[in-house]
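To start, the structure itself, in structure tokens.
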Amino acid sequence: MKKIGLFFGSFNPIHVGHLFVAEMAIERAELDEIWFVISPSSPYKFESGVLADPDDRLIMTLKAVQHNPKFKISNIEFFLPSPSYTALTLEVIKQENPNEDFYLICGTDVYVDIPNWYLGQEVIDEVNFIVYPRNSSSVYSPEGMKNKTTWLDGVPTLEISSTFIRNQIKNKKSTEYILPKEVREYIINNNLYK
């Protein structure tokens, strides 16, 4: 049985913060793989006009993770009804991979809100959690999650956001050290986020 981390996101675009969190999750939770689950749309985000085409985000994510054999890509949500709800995606993933042990990777802001999600209790019942800090405030574990949670304690908080990166691009500012080279080149070559 493999231990697989599921890192859900729009990855609009994927950046070094995402990759750093994934690497720390592999290391601290001793995961065998991390699957970057690309969401073509999200019921929790309203990014009208700034969400790049799903295929562009898929390609950028592939380029970002290509050098790490433990990083995989999942476009399963491209084939599910939109918007994509985590509980429903998990159900399909587990049906297709019944012998794997899944861990949901998320920040503290997402972690404390999971009970409020659509079918949030099903998410809590189905997976374990790997949580990285998003700020310095203390965080409680919602009911039923404490014994299923691995905390990435001591991991530096990288406050890099895709919104910041998109604004940098729009304003013709540098993204030199916050985007993988291949992702930066793809954005330039395809005139994204202008």
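The table below lists the values:
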{"item": "Residue that is at pLDDT below 95, touching a strand residue (DSSP E or B) at 6+ places or on another chain (Cβ under 9 Å) and aliphatic (A, V, I, L, M), where the choices are VAL110, VAL123", "result": "VAL110"}
{"item": "Selection from region 25-50 of residues that are part of a loop (DSSP other than H, G, I, E, B), at pLDDT 90 or above and surrounded by fewer than 19 Cβ atoms within 10 Å (Cβ to Cβ)", "result": "GLU30, ASP32"}
{"item": "Hits in region 174-186 - residues which are in a loop (DSSP other than H, G, I, E, B), closer than 14 Å to ILE14 by Cα and in contact with a helix residue (DSSP H, G or I) (Cβ under 7 Å, 6 or more places away or on another chain)", "result": "THR175, ILE178, LEU179, PRO180"}
{"item": "Which listed residue is more than 30 Å from ILE187 (Cα to Cα) and surrounded by 13 or more Cβ atoms within 10 Å (Cβ to Cβ), from PRO115, PRO133", "result": "PRO115"}
{"item": "Any hit, region 48-61, residues being within 22 Å of TYR132 (Cβ to Cβ) and out of contact with any helix residue (DSSP H, G or I) (no Cβ under 7 Å at 6 or more places or on another chain)", "result": "yes"}
{"item": "Scope region 59-70; condition buried (at least 19 other Cβ atoms within 10 Å of the Cβ) and farther than 17 Å from VAL21 by Cα; matching residues", "result": "MET60"}
{"item": "Scope region 109-130; condition within 15 Å of PHE7 (Cβ to Cβ) and among the polar types (S, T, N, Q); matching residues", "result": "ASN128"}
{"item": "Flag for ARG57 being within 23 Å of LEU158 (Cβ to Cβ) and either of a type in the set (Ser, Thr, Tyr) or in a helix (DSSP H, G or I) (or both)", "result": "yes"}
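Conditions (1) without any contact (Cβ under 8 Å) to a residue 40 or more places away in the chain; (2) among the hydrophobic types (A, V, I, L, M, F, W, C); (3) more than 17 Å from VAL123 (Cβ to Cβ), marked per residue:
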residue: PHE8; (1), (2), (3): no, yes, no
residue: PRO40; (1), (2), (3): no, no, yes
residue: PHE78; (1), (2), (3): no, yes, yes
residue: THR86; (1), (2), (3): no, no, no
residue: GLU91; (1), (2), (3): yes, no, no
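Yes/no per residue for (1) closer than 22 Å to ILE178 by Cα; (2) among the β-branched types (Val, Ile, Thr); (3) out of contact with any strand residue (DSSP E or B) (no Cβ under 8 Å at 6 or more places or on another chain):
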site: ILE14; (1), (2), (3): yes, yes, no
site: ALA29; (1), (2), (3): no, no, no
site: ASP32; (1), (2), (3): no, no, no
site: TRP35; (1), (2), (3): yes, no, no
site: ARG57; (1), (2), (3): yes, no, no
site: PHE78; (1), (2), (3): no, no, no
site: SER84; (1), (2), (3): no, no, yes
site: LEU88; (1), (2), (3): no, no, yes
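The values are calculated or read from the model by the stated rules, or taken from the named source; none is laboratory data. Just so it is clear, the model here is predicted, and its values are computed rather than measured. Cβ sites come from the backbone with ideal geometry, for glycine too, and all protein chains shown count toward neighbours.
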